[in-house]
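Asker: Below are the structure tokens for one structure; questions will follow.
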Amino acid sequence: MNDPLAVRKMVTRHDLHYDFAPASFFEGIPLGNGEMGGMVFFAQDRLVLSLDRTDVWERRADQSLEPGMDFRKALQQAREGSFDPTSRLFDRNRPPDEIWGNKLPLGRVEWKLPAAPASCQARLALYEATFSLEVFFASGSLAIRGYLHACQNLVFLALESRGEVDLPRYQVSAPHLDEPGRKLMQVWNYPAPEYGERGADRYVTQVYSGDEKYVLCARSQASSPFRTTCAITTARGGAGEDLPAMAAAFLDERQEDPEKDAAQHTRWWADFWSRSQLSVPDSALERLWYMEIYKLGCNARPDGHPISIMGVWNPDTRIPPCYGDLHHNLETEMNYWPIFASNHIELALPLYDMLVRELPRFEANCREFFGWDGAHLPANMDIYGQGVGFLWFPWNLQMGVGAWLGQHFWLHYLYSGDRDFLRQLAWPYLEAVGRFWLGFLEADADGILHVPWSYSPEYDDVVRKGRDSAFDLALVRFLFSTIIEAAKVLELDEGTHAPYREALEQLAPLPVDESGIQVYAGRPLEYSHRHFSHLLAIHPLGFLNIEGSPEERDLIERSLTHLRQIGTGNWSGWSFPWMALIACRVQRPGTAHAMLRFYTDQVILPSSLQVSVDWRKTGFYTAEHGFINTLEAGFGAAAAIM
């Protein structure tokens, strides 16, 4: 659709409306530009703008390997059951008295209101990426409109008091951390945040990760007793830099031509929405798709950073759970699933660039621990390619993730036809990960190649692991097949891909029994589980499909029947979109629609965030932990709707 007015009309139909005052971060109005995010909500008698940046991380964690430990020793101990649980390599927990790698929260701006809101009307306009709200009190109301700039780290707000309500006072503050978060700041030896004022600016700075620092700065300017504007920015740099001065200079520039800034913001989002639109018979699913594509625009830029597990929306009340990282055992991949069909493939370029840039690091990992050439990626990493938690601990030894990320390189080539991308980025990455797997596979007496020590995310014991997981075997088959195909496209010498062809011919088949695809060889899916890692061959890899032989169709049928019989009790919020995608692959539209409607009607909050837990108490999926607002579920749902 090329008519901007028609596109705007279609997108605007799906604006997010609030007829209540969002009373928590998770209910708030989400804003973002790929590097900075904001969430607007109320905390009793305060209006809160919680801010986040994708590039603020604790990065001082010990990356060293414990003396005397390597892969062969770890494999031997795991097989014998003789490993030492006090060894970091076999300790699933993070020592509370050590620094570990983690995303960090930023801070907030608060406005003191005359009372808690009596009522509220608010709207998030998706096409313009702006919000407006009016909050009502006994003596009048306060109207606010604003946006987070698409191309600048700037939030602009306009406030107007009505009736006998005064314009609210504001303050900036460091994160409002819970008790565990405050204790960690002490263990990690963080200095207290520093507050200051310069002219009309109010700011807070925080030194973090030893020698880095960020600033949150706000400037308010009243044009009358009833109207004021507020411009807010963040910046990061070295601990010795005068970041408040940098923030002030930035806000000075923004004051010179605010209309120009607003027009630039509007143009960016108009171009974004021009790339794809969708219409489906189910209005709830159509609305969900537009909201998720908006969130994609809030979290990704072609020249930005890879999308992390919570993107630009980490609450400032806690140290982000799950390290706030790039979770490569599902979340990273699922975060990018909608970019292909929605015509936004450029949004994954920061992920590819980082993975290729950090290949020397990943190759050093492989040589240090495994003892051969290749690239080993930690399963959990920050946006700079460094393993979070600790590099050499159980969660980072999920072997298949490097191959899974390789699928995105290949999909980018298939959708773009860009041979330069294939030659310069995809091939170096795929071939380096392939070399890791050539060294990792273990031949039995008959010459069949097996995965000797693997982990099927996130099933059972990440410490002990298992043998021949369907997850890893499916990914190796995909990886080697893709390397062979890429070599042909690039017209490389036959010797380049001959080792992969030979290994592929000897690779062990998927482990199966009467219940379908097993999790590990000799071990079927024994209980309800959130992660369908054993079904990767069906989706997203797709080499086991209903277009195949009768035996393949029967294997798919047995696997999905067994999954249905075991039930959804231990599923997470993101399990439902993933199941919808699997159902789409095997042409079960009724199942796909039911899964997506359950996700839309029961899993997500009114703000569209999913929090990984059964907050409605439906009884159909997990309720064992607190709110963890991850992005992958919504993006997976958007992909399934397409």
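Asker: Tell me, which residue of the range 325-344 that is out of contact with any Leu (no Cβ under 8 Å at 6 or more places or on another chain) and either farther than 25 Å from residue 541 by Cα or surrounded by fewer than 23 Cβ atoms within 10 Å (Cβ to Cβ) (or both) is modelled with the lowest pLDDT?
Answerer: 329
Asker: Which residues, taken from the range 497-513, are open to solvent by 30 Å² or more (accessible area, probe 1.4 Å) and in contact (Cβ under 8 Å) with a residue 24 or more places away in the chain?
Answerer: Correct list: 499, 504, 506, 509, 510, 512.
Asker: Consider residue 568 against the criteria (1) without any contact (Cβ under 8 Å) to a residue 40 or more places away in the chain; (2) of a type in the set (Val, Ile, Thr); (3) within 23 Å of residue 631 (Cβ to Cβ): it satisfies all of them except one. Which criterion is unmet?
Answerer: (1)
Asker: Here is a list of conditions, (1) open to solvent by 40 Å² or more (accessible area, probe 1.4 Å); (2) touching a residue at least 40 places away in the same chain (Cβ under 8 Å), and residue 51 meets all of them except one; can you say which number that is?
Answerer: Of everything listed in (1) open to solvent by 40 Å² or more (accessible area, probe 1.4 Å); (2) touching a residue at least 40 places away in the same chain (Cβ under 8 Å), residue 51 misses just condition (1).
Asker: Consider residue 123 against the criteria (1) charged (D, E, K, R); (2) farther than 29 Å from residue 322 by Cα; (3) open to solvent by less than 10 Å² (accessible area, probe 1.4 Å): it satisfies all of them except one. Which criterion is unmet?
Answerer: Every listed condition holds for residue 123 apart from (3).
Asker: While we're looking at this one, here's another question. Suppose we filter 376, 412 for residues that are buried (at least 19 other Cβ atoms within 10 Å of the Cβ), in a loop (DSSP other than H, G, I, E, B), on the phi < 0 side of the Ramachandran plot and touching a residue at least 24 places away in the same chain (Cβ under 8 Å); which single one remains?
Answerer: Only one candidate qualifies: 376.
Asker: Could you list, ordered by first residue, the pairs with Cβ atoms under 7 Å in which the first is in the range 139-153 and under 16 Å from residue 260 (Cβ atoms) and the second is modelled with pLDDT of 95 or more and among the β-branched types (Val, Ile, Thr), at least 6 apart or interchain?
Answerer: From residues that are under 16 Å from residue 260 (Cβ atoms), the pairs are 147/130.
Asker: Filter the range 280-291 for residues that are within 18 Å of residue 594 (Cα to Cα) and not aliphatic (A, V, I, L, M); which is surrounded by the fewest Cβ atoms within 10 Å (Cβ to Cβ)?
Answerer: Ranking the candidates gives 281 first.
Asker: Picking from 466, 516, 522, which residue would you name as being closer than 27 Å to residue 585 by Cα and open to solvent by 10 Å² or more (accessible area, probe 1.4 Å)?
Answerer: Every option except 522 fails the conditions.
Asker: Do the conditions hold for residue 596, that is, is it surrounded by 21 or more Cβ atoms within 10 Å (Cβ to Cβ), within 23 Å of the chain's Cα centre (by Cα) and either within 30 Å of residue 313 (Cα to Cα) or of a type in the set (Phe, Trp, Tyr) (or both)?
Answerer: Yes; evaluated as a whole, the condition is true for this residue.
Asker: Right, next: Taking the range 418-460 as the region of interest, how many residues are in a strand (DSSP E or B) and not hydroxyl-bearing (Ser, Thr, Tyr)?
Answerer: 4
Asker: Every residue in the range 174-233 that is more than 16 Å from residue 108 (Cβ to Cβ), open to solvent by less than 30 Å² (accessible area, probe 1.4 Å) and outside any strand (DSSP E or B), please.
Answerer: 184, 188, 209, listed by residue number.
Asker: Of the residues 78, 74, 43, which is farther than 30 Å from residue 350 by Cβ, touching a residue at least 60 places away in the same chain (Cβ under 8 Å) and open to solvent by less than 10 Å² (accessible area, probe 1.4 Å)?
Answerer: The match here is 74.
Asker: Filtering the range 543-563 down to residues that are part of a loop (DSSP other than H, G, I, E, B) and aliphatic (A, V, I, L, M), which residue is surrounded by the most Cβ atoms within 10 Å (Cβ to Cβ)?
Answerer: 544
Asker: Under 9 Å by Cβ, and 6 or more places apart or on different chains, what pairs join a residue from the range 460-484 that is without any contact (Cβ under 8 Å) to a residue 12 or more places away in the chain with one that is open to solvent by 10 Å² or more (accessible area, probe 1.4 Å) and assigned to a loop (DSSP other than H, G, I, E, B)?
Answerer: Matching pairs, first to second residue: 461/92.
Asker: What number of residues within the range 379-397 are of a type outside the set (D, E, K, R), touching a strand residue (DSSP E or B) at 6+ places or on another chain (Cβ under 8 Å) and not in a helix (DSSP H, G or I)?
Answerer: The total comes to 10.
Asker: Which of (1) touching a Ser or Thr at 6+ places or on another chain (Cβ under 8 Å); (2) polar (S, T, N, Q); (3) in contact (Cβ under 8 Å) with a residue 40 or more places away in the chain does residue 561 not meet, given it meets every other one?
Answerer: (1)
The values are calculated or read from the model by the stated rules, or taken from the named source; none is laboratory data. Predicted model, so just to flag it, every value in this text is computed and none were measured. Counting neighbours? That spans all protein chains shown, and the Cβs are built from the backbone with ideal geometry, glycine included. With ligands, DNA and RNA removed, areas are computed over all heavy atoms of the protein, side chains included. Shrake-Rupley method; radii C 1.70, N 1.55, O 1.52, S 1.80 Å.
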